1. Given the criterion surrounded by fewer than 12 Cβ atoms within 10 Å (Cβ to Cβ) and among the basic types (Lys, Arg), identify the matching residue among Lys158, Lys164, Lys148, Lys139.
2. Pick from Ala36, Ala40: which is surrounded by 18 or more Cβ atoms within 10 Å (Cβ to Cβ), assigned to a loop (DSSP other than H, G, I, E, B) and at pLDDT 95 or above?
3. Give just the number: which of (1) under 18 Å from Ala317 (Cα atoms); (2) surrounded by fewer than 24 Cβ atoms within 10 Å (Cβ to Cβ) does Val254 not satisfy?
4. What's the number of the only condition in (1) closer than 21 Å to His68 by Cα; (2) in contact with a Leu (Cβ under 9 Å, 6 or more places away or on another chain); (3) open to solvent by 10 Å² or more (accessible area, probe 1.4 Å) that Val343 fails to meet?
5. Just one of (1) touching a residue at least 24 places away in the same chain (Cβ under 8 Å); (2) open to solvent by 30 Å² or more (accessible area, probe 1.4 Å); (3) farther than 24 Å from Tyr157 by Cα trips up Val261, so point out which.
6. Among the residues of segment 8-23, are any at pLDDT below 95, among the hydroxyl-bearing types (Ser, Thr, Tyr), surrounded by 15 or more Cβ atoms within 10 Å (Cβ to Cβ) and in a helix (DSSP H, G or I)?
7. I'm trying to understand the selection: among the residues of segment 308-340, which are in contact with a Ser or Thr (Cβ under 8 Å, 6 or more places away or on another chain), surrounded by fewer than 17 Cβ atoms within 10 Å (Cβ to Cβ) and farther than 17 Å from Gly268 by Cα?
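The values are calculated or read from the model by the stated rules, or taken from the named source; none is laboratory data. On a predicted model such as this, the values are computed, not experimentally measured, just so you know. Glycine gets a Cβ as well: all are built from the backbone with ideal geometry, and neighbour counts include every protein chain shown. Just so you know, the surface numbers come from the protein's heavy atoms only, side chains and all, with ligands and any DNA or RNA stripped out. Shrake-Rupley method; radii C 1.70, N 1.55, O 1.52, S 1.80 Å.
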Amino acid sequence: MQVMRTTILALAAMIATLGSPLAAAAAFQDPLAVPAQASALASRSLLQGVARAGQRLVAVGQRGHIVHSTDGGASWQQAKVPVSSDLTAVFFANERKGWAVGHDGVILATTDGGLNWALQFDGHRANDRLIQHLEQRAKDQPQAADLKTLLDEARRYKEQGADKPFLGLWFADENNGWVVGAYNLIFRTADGGKTWEPWFDRTDNPKLLNLYGIAQAGDGLYVVGESGLVMRLDPTSQRFLAKPTPYKGSFFGVVGSPSGVLVFGLRGNAYAGDATGSNWQKVEAGLPATIVAAAALPDGALLLADASGRVALSSPAGRDFKPVVLKPAMPLAGIADAGGGRVALVGPRGVAVTALPSN
């Protein structure tokens, strides 16, 4: 399968620090068992996700680093994190309760706005929960060949260990949320993360393609992934049903727009759909590189950012994108509205907060 975009920057950083294979093997420590190390450079190292929590900004990235700022990005403090797994995304349901996900099947939670984090879930528990769920389903429906196939896959995942990342997350409120990740991994919680229910068997994704992003758009909940995969939650069947699009390359994110939904991904491709996730039209955002992040602004306008650091801003109607120049110029992995006409940017060089051009 195609290399996941959230691991590209992390791999580059890793290669630069590795010594000989024997030395690396001897020095290996399970990131699930080692807390993130304090680092004065945490806010200037690889960060891959950023979100707003009330007046605080929170960014997450490599080796379990989480940094937060209460002064609009003028200064950053590192949070206490119980794992050193690379983190890929962060989401806050309100100013205090938030979650972060990443490699090794990590789901972290905070109840104090990002100052301290606890491990809610990991790849070992995900594997065990997935097998338990599918074994019961297969027992209840012994003639269902698709369930047996999925159970075989789940057992193979367990043999491979806790190596599969979660890559995106979305919460409707402080109790109800979802995480998605590699090879069709998708889990739901209805109790704030105390328990996580597998939805591995509730997706129109027979090839078990990677799932890169999840977000609400209007009254629909969408998941996007590789090979042009777009799915929308059907409330009646409680399944994520495929919504065909004209593009067959990977989509790395999804965002709600005033007219419906917008998905984006490889080679600057973006497509807008209506409120039902149909009637897709190509959006010319003017971004030549892979679009890796989006942010919705209070007036309805959308920001799209590509990996090279180029950014495009739409009209309040969510269409008609034009380029905007943000300083500092930097490669990007994530972007978020920081309030007050400012945006927060994250990437290989860390995190920065900058003002949007006034016109």
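1. Working: Lys158 fails: surrounded by fewer than 12 Cβ atoms within 10 Å (Cβ to Cβ); Lys164 fails: surrounded by fewer than 12 Cβ atoms within 10 Å (Cβ to Cβ); Lys148 fails: surrounded by fewer than 12 Cβ atoms within 10 Å (Cβ to Cβ).
None of the others qualify; the one that does is Lys139.
2. Details: Ala40 fails: surrounded by 18 or more Cβ atoms within 10 Å (Cβ to Cβ).
Criteria check complete, one pass: Ala36.
3. (2)
4. Only one criterion is unmet by Val343, namely (3).
5. (2)
6. Keep residues of segment 8-23 that are at pLDDT below 95, which gives 8-23.
Still in the list and also among the hydroxyl-bearing types (Ser, Thr, Tyr): 17, 20.
Next, from what is left, pick out any that are surrounded by 15 or more Cβ atoms within 10 Å (Cβ to Cβ): none.
Within segment 8-23, not a single residue is at pLDDT below 95, among the hydroxyl-bearing types (Ser, Thr, Tyr), surrounded by 15 or more Cβ atoms within 10 Å (Cβ to Cβ) and in a helix (DSSP H, G or I).
7. Ala317, Lys327, Pro328
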